[in-house]
1. Can you pull out the residues in segment 152-170 that are small (Gly, Ala, Ser) and open to solvent by 20 Å² or more (accessible area, probe 1.4 Å)?
2. If you go through segment 431-465 one residue at a time, how many are open to solvent by 60 Å² or more (accessible area, probe 1.4 Å), modelled with pLDDT of 70 or more and assigned to a helix (DSSP H, G or I)?
3. Go through (1) without any contact (Cβ under 8 Å) to a residue 60 or more places away in the chain; (2) among the aliphatic types (A, V, I, L, M); (3) part of a helix (DSSP H, G or I) one by one and return the number of the condition residue 242 breaks.
4. Of all the residues that make up segment 309-341, how many are open to solvent by 40 Å² or more (accessible area, probe 1.4 Å), hydrophobic (A, V, I, L, M, F, W, C) and assigned to a helix (DSSP H, G or I)?
5. What number of residues within segment 274-300 are in a helix (DSSP H, G or I) and small (Gly, Ala, Ser)?
6. Among the residues that make up segment 358-374, is at least one of them among the charged types (D, E, K, R), under 21 Å from residue 104 (Cβ atoms) and either in the same structural domain as residue 135 (by the TED database) or open to solvent by 10 Å² or more (accessible area, probe 1.4 Å) (or both)?
7. Given 257, 261, which one is surrounded by fewer than 21 Cβ atoms within 10 Å (Cβ to Cβ) and in a helix (DSSP H, G or I)?
8. So how many residues does segment 105-141 have that are under 23 Å from residue 302 (Cβ atoms), under 22 Å from the mean Cα position of the chain (by Cα) and open to solvent by 30 Å² or more (accessible area, probe 1.4 Å)?
Amino acid sequence: MAIEGTVSKYKLKSWLSWSWTYVCFIWFGMVLIMIYVLWSPLKLQETLIFEWWYFRKYGTSFIEQVSVSHLRPLLGGVESSSATGLFTSINGETEPRPSVSECKVWRNPLNLFRGAEYNRYTWVTGKEPLTYYDMNLSAQDHQTFFTGDTPQLRPEDAVMQKAWRERNPQARIRAAYQALEMNQDCAAAYVLLAEEEATTITEAERLFRKALSIGKSGLYSAQRHRNRNINLLVYIKRRLAMCARKLGRVKEAVKMMRDLMKEFPLLGMLNIHENLLEALLELQAYADVQAVLAKYDDISLPKSATICYTSALLKARAVSDKFSPEAASRRGLSSAEMNAVEAIHRAVEFNPHVPKYLLEMKSLILPPEHILKRGDSEAVAYAFFHLQHWKRAEGALNLLHCTWEGTFRLIPYPLEKGHLFYPYPGCTETADRELLPSFHEVSVYPKKELPFFILFTAGLCSFTAMLAMLTHQFPELMGVFAKAFFSTLFAPLGFFADKMESFMPSSFWHQLTRI
């Protein structure tokens, strides 16, 4: 009877050993089934094609490169400069990333008022929304715009030049009052007070109106200062239009902007049409918006996020209320839907940072006074004022959510050339970090988010390579470790088998092994 029990135990353990083989086959089959099921959702075909393309282009495996970059810090190696390969020219020569000075920054057409808006944010949160670099650019703008090429400055103008350069807001305000003591008709001093001392938009508007009356009277009195007075007049009228827009008098603001563009057509570089587009969207005057776009969305004129995304909004609005991704996948896209998707792709290629703000995947902050076109600063400035217009168009954000990521499949990577625009500039990250406050997480592009399959494969390869290296260096120690690991892994199974053997009669195991 004892011999029969021993044989039964031996057969049971043999059966359990063979069962592990079957379990491994089942697990392998489940992995294959999972890959088949997730082939489309995880875009595994594109992942494999990307790996093949990367190997053909650079002569090395992308997964291997990721594995080495993970292992090298653990081994104490020095990180190589392989990342520079992502910014090489077509001839293979390395192109250095441009510095901040090589990136042209633009005055934000919709910049806020320091006293009535930026300072209020500081009072509430204790954070500074503007960087010193941004405010220094504004000081240079004011000196150039309000002084120009005047050979001799009046005493009050000299004081105002110094006022713009002051870093302390209170020092700037004191200098403005000093200029007014010298000349009560110093319009630039009233402009500074309206921008920085006024704590409400209504008070700022009152000071701007005072400056406007002085500017009009001085426009024809001194011909030698005519250019300076014209610049000052344009600035004041634009800010008055923005005050009217913020106070809810949108139609009045639209009229003021149209009159300003008609009176000074050569000042298109000030981008007053972007203020006009935002006000017209607030009035939901979409036909007028389209008319403005027809004039400024021209191949010979510089583009902006406002131009590209407003064009996409108008085309998306025509089809978004009835758009359904499921229905579109079954029947295909209609011509109007295709036009909307292409407009979204065009806008995203111009500035890829905007969608995350419009879809509220990233928090908004107050826009800076200067922006970098195609950069995160421009995306913040656009979304801050235009998010409400996208929300008002039913289904527009849903269409954007379904289609915007498809843009990146159309653009070559690394970005040696663009698809619809020039290659994406490499200096945007550096310039945006100077323009945006430190508490804001700057959006960086191109920074591809790798699919889970690539991350999993890279991690598995890295772990396998590390085990192989340790086994090669310390074979005995790794053998002891492997034995201890597998004994610990199978300990619960052995414990369960012993318990089952003690509970079940030996005849049961005998009958089970015979089966």
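1. 158
2. Residues that pass the stated criteria total 5.
3. Here residue 242 clears every test but (1).
4. The qualifying residues number 2.
5. Of the residues in that region, 4 qualify.
6. yes
7. From the options 257, 261, the qualifying one is 261.
8. So the count comes out to 4.
The values are calculated or read from the model by the stated rules, or taken from the named source; none is laboratory data. Keep in mind it's a predicted model, so treat the numbers as computed, not measured. FYI the Cβ positions are ideal-geometry reconstructions off the backbone, even for glycines, and counts take in every protein chain you see. Surface accessibility is based on the protein's heavy atoms, side chains included, excluding ligands, DNA and RNA. Shrake-Rupley method; radii C 1.70, N 1.55, O 1.52, S 1.80 Å.
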